[in-house]
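Undergrad: Here it is: the structure, laid out below.
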Amino acid sequence: MIESMAIATIIYYTLFNAAPLIFAAIGGTFTERSGVINIALEGIMVIGAFFGAAFAMTSGNPWIGVLAAVIAGAILSWLHAVVSIKFKANQVVSGTAINLLAVGVASFMMRAVYGSGGQLLLGTSPSLPRWSLSNLLAPVPILGDFMNTPFMTRAFGEHAPGVYLAFVAVIVGHIVLFKTPLGLRLRAVGEHPRAADTLGVNVPRMRYLGVLISGVLAGFAGSILSISPGMSGFVVGMIAGRGFIALAAMIFGKWTPFGAMGACLLFGLSTSFEVSASVLFRNVPFLQSVPSQFYTMLPYIITMLALAGFIGRSTPPAASGIPYETNQ
């Protein structure tokens, strides 16, 4: 029988693993809705994680690390925007080059500045505090008592700030994209930029905005991994394909924030098996014998299945990946 606290533990890790994916997937949704493919999310998360840890360590303040991660993500995405929008380069090639550049920059700076080739003060740099939802809701009648039960406290009670903010970002992202004039313009330049241009919408400006939003969110996603409680520090390879998984979640979620969130929770659940399967399934003979390597590769298997099973039925923005020529 599976114990209730084991279920609470797997919920805890599901939320933690899903949070950075949610931020990156929402960022990907914004940029692709504006008509620019951004597969550089992986590299932007790497840079965000590195600069987040480096500035948190140097300043002694984890929030400065978060700010540095966001700024670094915005700068790297701006580079992708200039190459893709101004110079009309192939967006997939540009994104691939930025992914390679990000890993190279992080590795070079670790060795040149800190004299480390593998990891940057893992577990010793300052990390963000835990936010306690249980304490916040404690004064609320009935709900406060419910949230302070051992199960709810373990599953939802204390998380890194980024975990709670991820779900706020989903709501904000949905409102901005589908309920505001800005979102309408952004979607218009991704679907039919010529018509949007005819109506007075500045197509390049809106596309720059979409790409920069993706850079800010992906940079923040990287910082969640490098300066969160229990995860402080940067390790080469720590992003481990999460940027690509976020892109798959975006497609799986049909380019909507709530759809992407659902897909990210699925990926987060599969990732959490890696750390909690031994506890969760210790009384289930068949599952107990499954090698841990299977749980490690489970998120990537789901990513391939999601792309193979749903990409054909998902319809991307009509002008996604197509450079806009103003003189056509």
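The values are calculated or read from the model by the stated rules, or taken from the named source; none is laboratory data. Quantities reported herein were computed from a predicted structural model and do not represent experimental measurements. Cβ sites come from the backbone with ideal geometry, for glycine too, and all protein chains shown count toward neighbours. When the accessible area is computed, the model is the full protein with side chains, heavy atoms only, and any ligands, DNA or RNA have been set aside. Shrake-Rupley method; radii C 1.70, N 1.55, O 1.52, S 1.80 Å.
Undergrad: Can you tell me which of VAL66, VAL36 is open to solvent by 10 Å² or more (accessible area, probe 1.4 Å) and either in a helix (DSSP H, G or I) or in contact (Cβ under 8 Å) with a residue 60 or more places away in the chain (or both)?
TA: VAL66
Undergrad: Scan LEU217, LEU212 and give me the residue that is modelled with pLDDT of 95 or more and open to solvent by 40 Å² or more (accessible area, probe 1.4 Å).
TA: One residue alone meets the criteria, LEU212.
Undergrad: A further question on this structure: Any idea which of (1) under 18 Å from the mean Cα position of the chain (by Cα); (2) of a type outside the set (Asp, Glu); (3) part of a helix (DSSP H, G or I) is the one ALA6 doesn't satisfy?
TA: Unmet condition: (1).
Undergrad: On to the next question. Could you count how many residues in the stretch 69-87 are in contact (Cβ under 8 Å) with a residue 40 or more places away in the chain, more than 15 Å from SER34 (Cβ to Cβ) and open to solvent by 30 Å² or more (accessible area, probe 1.4 Å)?
TA: 3
Undergrad: Specify the residue that is most open to solvent (accessible area, probe 1.4 Å); the eligible residues are those in the stretch 39-63 that are more than 17 Å from MET109 (Cβ to Cβ) and in a helix (DSSP H, G or I).
TA: Residue satisfying both the conditions and the ranking: TRP63.
Undergrad: In the stretch 133-183, how many are out of contact with any Ser or Thr (no Cβ under 8 Å at 6 or more places or on another chain), modelled with pLDDT under 85 and not in a helix (DSSP H, G or I)?
TA: Here the count works out to 5.
Undergrad: Output the number of the condition that GLY162 fails; it satisfies all remaining conditions of (1) surrounded by fewer than 24 Cβ atoms within 10 Å (Cβ to Cβ); (2) within 26 Å of SER314 (Cα to Cα); (3) touching a helix residue (DSSP H, G or I) at 6+ places or on another chain (Cβ under 6 Å); (4) touching a residue at least 60 places away in the same chain (Cβ under 8 Å).
TA: Going through the list (1) surrounded by fewer than 24 Cβ atoms within 10 Å (Cβ to Cβ); (2) within 26 Å of SER314 (Cα to Cα); (3) touching a helix residue (DSSP H, G or I) at 6+ places or on another chain (Cβ under 6 Å); (4) touching a residue at least 60 places away in the same chain (Cβ under 8 Å), GLY162 breaks only (2).
Undergrad: Free of Cβ contacts under 8 Å to residues at least 40 places away in the same chain and either farther than 30 Å from TYR12 by Cα or of a type in the set (Ser, Thr, Tyr) (or both): does that describe SER59?
TA: So SER59 fits the description; yes.
Undergrad: Can you tell which of LEU269, LEU287 is part of a helix (DSSP H, G or I), of a type in the set (A, V, I, L, M, F, W, C), more than 23 Å from THR96 (Cβ to Cβ) and at pLDDT 80 or above?
TA: Answer to the selection: LEU269.
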